[in-house]
Amino acid sequence: MRKMLLAALSRVLQGPAAAARPGAVSEVSRVVVASRNYADFASEATFDIKKCDLHRLEEGPPVTAVLTREEGLHYYKTMQTIRRMELKSDQLYKQKIIRGFCHLYDGQEACCVGLEAAIKSTDHLITAYRAHGYAYTRGTSVREILAELTGRKGGCAKGKGGSMHMYAQNFYGGNGIVGAQVPLGAGIALACKYFGKDEICLTLYGDGAANQGQIFETYNMAALWKLPCIFICENNRYGMGTSVERAAASTDYYKRGDYIPGIRVDGMDILCVREATKFAAEHCRSGKGPILMELQTYRYHGHSMSDPGISYRTREEIQEVRSKSDPITLLKDRMLNNSLSSVEELKEIDVEVRKEIEEAAQFATTDPEPPLEELGNHIYKNEPPFEVRGPSQWIKYKSVG
């Protein structure tokens, strides 16, 4: 019956003048095929996900997750955008268009996208210096991110922050001092509780920062005051060039809070990250205090652009992770194998993403740099203009909020 209806639709759309219009038949055929494919798509599917390891918890996140077609397409496009954006950043850096510190996020996309999928836009997030992915998921456009990397006026921090200092609504960076964002995140969570808001703060740090003393001090205060804070350790297995086994007596980072409950999550599976974050967010919102998440993930690039990333690990190790655990490939295979999308549809998304990245890169390389007289601007918000000393006492800049 469906085939008869589609054939009739094709004849009606073509009409008597179809032969006089070159390509009309193929165009209608493409529409009909697209309609048929869309009709064949499933609206949702249920997947088994890896069980999380638990600390001081009797029950953990679910071991199954429902993924709708719309969610899958959104997650796929978001992760592909971050992946392509980071690859373009790598290219611009090697062309010496981006300078200074730059830490890329490719390989870890399931973390930032999965976290964002489980929280509200009114919730808060603060992270370390590998921040491009979080800047994007928190609402910053690709062109603003790339323009910030190239130091242009159109950047999300007006070209004055660079790779490590990007900000958006309810996103507090991008922080360059190892581990220093963790006490700040607890402070944001304290504000949420103080003002009686149903909001939480996601406070992220890496395995390299996990041995910092200030993190343990923050755990203590957060537990005492029952702050609505999710401490999240993104364990990508290497702190700069040092493996976690060589740096930590215990690599069970989800247990590091001791008296704070913890969960260890497959950070390469976006559904696992999403469900675990929903669980952790509910824990915080219910007044039970902080919780600790360890996301087991992997970065494909080196620690920073000065690190080739192969002096302390082999190319074979990187390739094995790419082939077996890539977060984008995992989501893509799930969607294709469960009729949530088609190869053609995902290819169209890939083309759309590449176009967006190229247009953003064009903007980021042609937008003007901020003028020198604006160097002192945006120190304080909504304050009267005041003078800021420059590199010497005779040079003054006016600061405008």
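The values are calculated or read from the model by the stated rules, or taken from the named source; none is laboratory data. None of these values were measured; they are calculated from a predicted model. Cβ sites come from the backbone with ideal geometry, for glycine too, and all protein chains shown count toward neighbours. The accessibility values were calculated without ligands, DNA or RNA, using every heavy atom of the protein model including side chains. Shrake-Rupley method; radii C 1.70, N 1.55, O 1.52, S 1.80 Å.
Which loop trypsin sites (Lys or Arg not before Pro) in segment 329-401, with loop taken from DSSP, have no more than 10 other Cβ atoms within 10 angstrom of their Cβ?
Working: sites: LYS332, ARG334, LYS347, ARG354, LYS355, LYS381, ARG389, LYS396, LYS398; in loops: LYS381.
Answer by residue number: LYS381.
Compute the length gained on full extension between ASP252 and SER121: take 0.36 nm times their separation in residues and subtract their Cα-Cα distance, giving the result in nm to one decimal. It would help to have the intermediate numbers written out before the result.
Details: separation 131, 0.36 × 131 = 47.16 nm, distance 3.04 nm.
Roughly 44.1 nm would be gained on extension.
The distance linking segment 295-357 with segment 74-103 is 13 Å (Cα centroid to Cα centroid, whole angstrom). Given their separation in residues at 0.36 nm each and the Cα-Cα distance between them, TYR194 and ASP53 gain 47.6 nm when the chain is fully extended. For the chain, the longest principal axis of the C-alpha atoms and the axis of helix 2-14 are separated by about 80°. Label positions at ARG285 and MET240, each projected 7 Å from the Cα along the C-beta direction, are separated by 4.0 nm. Heavy-atom accessible surface of the chain, averaged per residue, reaches 50 Å², computed with a 1.4 Å probe. Within the accessible surface of the chain, defined with a 1.4 Å probe on protein heavy atoms only, the carbon and sulfur portion equals 53 percent. Rounded to the nearest 10 degrees, the inclination of helix 270-285 to the longest alpha-carbon principal axis of the chain is 50 degrees.
Using unit Cβ charges (K, R positive; D, E negative) and no other charged atoms, how large, in debye to the nearest 20, is the dipole of the chain about its Cα centre? Before the final figure, lay out the partial values.
Numbers: 51 positive and 50 negative charges, 114 e Å.
My answer is approximately 540 debye.
Given the pairs LYS51/LYS332; LYS355/LYS381; LYS77/LYS120; LYS77/LYS193, which are separated by over 24 angstrom at their Cα positions?
On the way: LYS51/LYS332 21 Å; LYS355/LYS381 36 Å; LYS77/LYS120 20 Å; LYS77/LYS193 35 Å.
Beyond 24 Å: LYS355/LYS381; LYS77/LYS193.
Just going by the charge dipole of the chain, with Lys and Arg at +1 and Asp and Glu at -1 on Cβ, which of TYR93, ALA249, THR329 is farthest out on the positive end? Of the candidates, TYR93 comes out farthest on the positive side.
Between helix 315-325 and the chain there is an angle of about 60 degrees, using the helix long axis and the longest principal axis of the Cα atoms. Under the simplified labelling scheme, the PHE41-ASP333 pair shows an inter-label distance of 2.2 nm, with each label point 7 Å from Cα along Cα→Cβ.
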